[in-house]
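Taking it in order: structure first as structure tokens, then the write-up.
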Amino acid sequence: MTKITKITNVEFGKMINAAATALAANADKINKLNVFPVPDGDTGTNMSLSMASGAQYERDALDTNIGALAKATSKGLLMGARGNSGVILSQIFRGFSNSVDGKETLSARDLADALMTGAQVAYKSVMKPTEGTILTVIREAASKANKIVDETDDVVELMSAVNEAAQSALASTPDLLPVLKQVGVVDSGGQGLVFVLKAFYQALSGDISEEDLKTPDNAELEQMVKELHAGAQANSSLDPDSIVFGYCTEVMVQIGKGTTYDHEFDYDTFYNHLAKLGDSLLVINDDEIVKVHVHTENPGEVISWGTHFGSLVKVKVDNMRDQQQAVIDEQRAEEAQVSKITATVTASETAVIAIAAGDGVAELFKSLGVHTVISGGQTMNPSTSDIVDAINATNAKQVLILPNNSNIFMAADQAADLVDVPVRVVKTRTVQQGLTAMMGYNPEAELSNNAEEMASMMLEVKSAQVTQAVRDTSLDGVNIRHGDWLGIIDGKIEVVTKKMQNTAIEAVSQMIDSDSEIVTVIFGEDVKEKDAKKLQEAILSIDDALEVEIHEGKQPLYPFLISVE
């Protein structure tokens, strides 16, 4: 195992990009560790998208000292953070970045200190830290780093120990969090962090697959390529037909390999031929790989030229004329949307933003006075950046946010801290709570009064979600089989049957009492109105004094969202 006593920008770039690659490759595996057997286990997806954003910011950074690269990574993770797991991951890197601020390179001691600061910041970011989660994994990993750093100055050896400690901490999570042991899984967020730390070790030790090594890790090169793209594509006033060389062509060649190889590589010979084929030419190489970026009308000739010098590793061709037209179309659509939003908000100083899935659900929120609905929820949590953009687009002087999902709370809180206008997050856990909270909204009231009244209103509703189990499990003494229909009442699985209608009826039966007056049924995209009316009739047969409302929500994955007030 190669000894490394100093992490430079090269090693750091490899570490971050390896982590992003590992999370992307294992997102589905992490998703499947969701405690509830419902189709909204998106921890892996959230962590992967968050880390991908961090890696992109790192690659785009112009400065090459570690402090600047870590800061860029932290910023990217923050803006791309999705779900609680993504937000906590961003906080780990925020602490890491704070610790290495101003450093050109990292020693083993610097790395150990950065991991510990990452753990401390992550714990502080959670109102009620829970052991048996991603927090446990980062704490144990950082603690091991700070013990072993007194024995070695080798960052590879240190990360090996960190990786082992993280694996051990992950294995302990079921003993620390009973619900994990009950279901027989480890913590999903902790598993995601283990993939990150393992990737760090692999990148430093060289114990990483050839395919992973093909991931670009040259931040300067990627920035140059991005700027070349931007110059050709970002101007929405540019006529696509005026583009002289219309195909953005990228080729990566493994020098001296493959059956087509018949030319010894010479940089000038290679470059001069390509220079005749177009513009915006960029050729960078080392002893093994040459990477080409060029705008041309003959992408086939560029590719063919590359095959003379070795084996093609990667080929990418984009039609910039089509892309430019898409930019123009998108810009026009955005301008129209911004105009629409602005016109909506000008009548009020306060804007309400709700997160929800389904066109019908969105219309319900808007009918109650919500100004902007961000598409998302159970299966795709919006990022911090998405929420920030929505806040800024409202053009309002103050904003209320209805997350309608507990996994969006942290991203919403972070977005509130990043904008210049006052924002209050009303911690609605379900769409039904969000809709009920709007009953307490007063456009003329002060922000804090609105938030308090809306929070009070949401407590008046009981919420049920009907969905289908995606795997076998046993939870709270109940055996659940793949395909069973589940009734989740205020966050807990209370009903399990073999039929959707039976589950919905039983869930309503458990929620109603002598004080219940209104039952609202929102049916999803895979349910017909006749099925909703059938449920309405069944509810009235239980208590004909109830008022039962039906709305088409078009939400995915949850055929019925039911509320009782």
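The values are calculated or read from the model by the stated rules, or taken from the named source; none is laboratory data. Only a predicted model underlies this, so the values are computations on that prediction, with no experimental measurement involved. Neighbour counts are summed over all protein chains in view; Cβ atoms, including those assigned to glycine, are modelled from backbone coordinates with ideal geometry.
Tallying residues that are surrounded by 17 or more Cβ atoms within 10 Å (Cβ to Cβ) and under 13 Å from ASP113 (Cβ atoms) within the stretch 149-161 yields 3. Here ALA504 clears all of (1) within 25 Å of ALA356 (Cβ to Cβ); (2) aliphatic (A, V, I, L, M); (3) part of a strand (DSSP E or B) except the condition numbered (3). Filtering the stretch 152-174 to residues that are touching a Leu at 6+ places or on another chain (Cβ under 9 Å) and part of a loop (DSSP other than H, G, I, E, B) leaves only THR152.
Just checking: which of the helices (runs of 4 or more DSSP H) contained wholly in the stretch 21-130 hold 2 or more residues that are polar (S, T, N, Q), under 14 Å from the mean Cα position of the chain (by Cα) and under 29 Å from LEU486 (Cα atoms)? Result: 43-60, 83-99. Mind checking whether some residue in the stretch 521-537 is in contact (Cβ under 8 Å) with a residue 40 or more places away in the chain and either within 30 Å of GLN398 (Cβ to Cβ) or of a type in the set (A, V, I, L, M, F, W, C) (or both)? Yes, because at least one residue in the stretch 521-537 is in contact (Cβ under 8 Å) with a residue 40 or more places away in the chain and either within 30 Å of GLN398 (Cβ to Cβ) or of a type in the set (A, V, I, L, M, F, W, C) (or both).
Within the stretch 508-528, the set of residues being farther than 24 Å from ALA362 by Cβ and either acidic (Asp, Glu) or buried (at least 20 other Cβ atoms within 10 Å of the Cβ) (or both) comprises VAL508, MET511, ASP513, ASP515, GLU517. Restricting attention to the stretch 48-99 and to residues that are aliphatic (A, V, I, L, M) and touching a strand residue (DSSP E or B) at 6+ places or on another chain (Cβ under 8 Å), the residue that is farthest from ILE30 (Cα to Cα) turns out to be ILE66.
Residues in the stretch 424-434 that are more than 20 Å from LYS492 (Cα to Cα) and crowded, with 24+ Cβ neighbours inside 10 Å: VAL426 only. For THR497, indicate whether it is farther than 19 Å from VAL361 by Cβ, free of Cβ contacts under 8 Å to residues at least 60 places away in the same chain, in contact with a Gly (Cβ under 7 Å, 6 or more places away or on another chain) and outside the structural domain of PRO174 (by TED's automatic domain parsing). No. Take the conditions in contact with a strand residue (DSSP E or B) (Cβ under 6 Å, 6 or more places away or on another chain), assigned by TED's automatic domain parsing to the domain that holds SER85 and under 15 Å from LYS198 (Cα atoms) and apply them to VAL155. Does it pass? So VAL155 passes the test. The residue list VAL495, VAL470 contains one member that is in a loop (DSSP other than H, G, I, E, B) and among the aliphatic types (A, V, I, L, M), which is VAL470. Just a yes or no: is a residue in the stretch 354-366 touching a strand residue (DSSP E or B) at 6+ places or on another chain (Cβ under 8 Å) and either modelled with pLDDT under 80 or farther than 26 Å from GLU552 by Cβ (or both)? Scanning the stretch 354-366, I find no residue that is touching a strand residue (DSSP E or B) at 6+ places or on another chain (Cβ under 8 Å) and either modelled with pLDDT under 80 or farther than 26 Å from GLU552 by Cβ (or both), so the answer is no.
Cβ-Cβ contacts under 9 Å between residues 6 or more apart (or on different chains), taken from a first residue in the stretch 6-25 that is of a type in the set (Ser, Thr, Tyr) to a second residue that is surrounded by 21 or more Cβ atoms within 10 Å (Cβ to Cβ), are listed as THR8/ILE66; THR8/LEU106; THR21/ALA55; THR21/ALA199. Evaluation of HIS482 against the conditions (1) without any contact (Cβ under 8 Å) to a residue 40 or more places away in the chain; (2) surrounded by fewer than 16 Cβ atoms within 10 Å (Cβ to Cβ) shows that the sole unmet condition is (1).
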